[in-house]
Amino acid sequence: MSAFSFPILATGSALPKKAWSNAALIAEKGLDSSDEWIVSRTGIKQRYIVGEGESTFTLARDAVRQALSRAGVDAKDVGVLVVATCTPDLTFPSVGALVHGDLGLPPECAVLDVNAACSGFIHALAVARGLLAGSHAHYALVVGAETFSNVVDWSDRGTCVLFGDGAGAVVIRKERGSEERGTRGVLGVSLGAEGACVEMLKSSGGVAQGRVAGVVQMNGREVFKHAVRQMGEVPPLLAECKVRLADVDWVVPHQANLRILEAAALSLGVQMEKVVVTVDKHANTSAASIPLALDTAVQDGRIKRGDLVLLQAFGAGFAWSTGLLRW
Ligand code: ACO
């Protein structure tokens, strides 16, 4: 139990200017597919895709700007910046470093990217919380930002229709007082992985192949089964935080696809009315999907002060993570 609590002060998000409906994407890329197939298998109706002048960095920066402005926190007061991404602009330096330079964050701010694929945002939240607890910093920025449109194989209709681009950010403050039930903020996080399953969802290239990025390769059926199993079990984190599933007001899962969310909710015994769904509008934005969904549900008034929010993620490496928040 930490001597601190970590309330989330505000959320922010950023999407590329252009949204692509299923029909528009099919026509543009010459895909042998249909709106009916994509909607019925995935629930995805559209996705946003970066254009000229837009990148993972610009989306991360814009989401951070919005979150800082809503929180009323000055960039010069930020002591930790963690960006979750597996589609950085450059192999190095990190997207965090690009944001740091552009927004003029202070030199004593700890800055890094974490790559836990679609699970990345909760991993970044865990890292930021640890860095806040172990330093003199008072404010942390946690960001999920991705441009999967840059790493999908546009000739593979089984994967390219699933993904979209975007970014979401939260501002966290460290406060004195322990993370007990009832206290606002990040009540707990739990992380894990099944590294034996890396072949089922991966990029085809990288530095070791002499290329800086490959394209998405996926065994869709295996990913589906593992994702539902992982996100459909009551997370031990709830018992650790002395919270019953029935006390959870909102589940904000990684937005992989609607059928995974529905099957996981059914297995958990949670009504879909309690599950925040944005995959229809954003598609799968990997590490950005949870902060984008959080921002959506906070801005439209669903998630209110005092609500208990369960975050759940699953992705490549079969990295998984759960987080519990008191809003
Ligand atoms: N349009 C039309 N037909 C398609 C498309 C498409 N976009 N994609 C595949 N098909 C075809 C296949 O070629 C196949 O045709 P065939 O029978 O003639 O060979 C047929 O549809 C069925 O293909 P399957 O791959 O068996 O389709 P399935 O019902 O398994 O659905 C899907 C595929 C949607 C990918 C499913 O496996 C799934 O949801 N998997 C989960 C993976 C996922 O969501 N990954 C996201 C990233 S990972 C993460 O975020 C955790």
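Table for the structure above
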{"read-out": "Probe 1.4 Å, all protein chains present, accessible-area order of 15, 311, largest first", "value": "15, 311"}
{"read-out": "10 Å-binned pair-distance histogram of the chain (Cα, whole percent)", "value": "6, 29, 37, 22, 6, 0"}
{"read-out": "Counting DSSP beta bridges with both ends in region 185-326, the antiparallel % (nearest 5)", "value": "80"}
{"read-out": "Max mean-square fluctuation residue, GNM over the chain, Cα-Cα springs under 10 Å, options 157, 176, 41", "value": "176"}
{"read-out": "Mean Cα-pair separation over length for region 185-326, i.e. relative contact order, pairs under 8 Å, 6 or more apart, %", "value": "36"}
{"read-out": "Mean-position separation - Cα centroids, region 277-321 and region 154-222, in angstrom", "value": "12"}
{"read-out": "Alpha-carbon centroid distance for the pair region 90-121 / region 226-273, whole angstrom", "value": "29"}
{"read-out": "Max mean-square fluctuation residue, GNM over the chain, Cα-Cα springs under 10 Å, options 204, 286, 119", "value": "204"}
{"read-out": "Heavy-atom accessible area order for 129, 229, largest first, 1.4 Å probe", "value": "229, 129"}
{"read-out": "Accessible surface of region 1-72, 1.4 Å probe, proportion on carbon and sulfur as whole %", "value": "48"}
{"read-out": "Heavy-atom accessible surface of region 182-322: percent carbon and sulfur, 1.4 Å", "value": "55"}
{"read-out": "Ranked order, 153, 307 - accessible area, probe 1.4 Å, largest first", "value": "153, 307"}
{"read-out": "Accessible area expressed per residue, the chain, with surrounding protein chains retained (probe 1.4 Å, Å²)", "value": "41"}
{"read-out": "DSSP-defined antiparallel bridges as percent of all bridges, the chain, nearest 5", "value": "70"}
{"read-out": "GNM result for the chain, Cα springs below 10 Å: residue of 81, 266, 125 fluctuating most strongly", "value": "266"}
{"read-out": "Mean separation of Cα contacts under 8 Å, 6 or more apart, over the residue count of the chain: relative contact order %", "value": "25"}
{"read-out": "With all protein chains modelled, accessible area of residue 18 [1.4 Å, Å²]", "value": "110"}
{"read-out": "With all protein chains modelled, accessible area of residue 54 [1.4 Å, Å²]", "value": "40"}
{"read-out": "By average C-beta atoms within 10 angstrom, highest first, the peptides 134-147, 252-265", "value": "134-147, 252-265"}
{"read-out": "Lysine pairs in the chain with Cα atoms under 18 Å, if 8 or more residues apart or on separate chains", "value": "10"}
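The values are calculated or read from the model by the stated rules, or taken from the named source; none is laboratory data. Bear in mind the structure is a predicted one, so any value in this text is a computation, not a measurement. Don't worry about glycine lacking a Cβ; one is built from the backbone with ideal geometry, like all the others, and counts go over all protein chains shown. When the accessible area is computed, the model is the full protein with side chains, heavy atoms only, and any ligands, DNA or RNA have been set aside. Shrake-Rupley method; radii C 1.70, N 1.55, O 1.52, S 1.80 Å.
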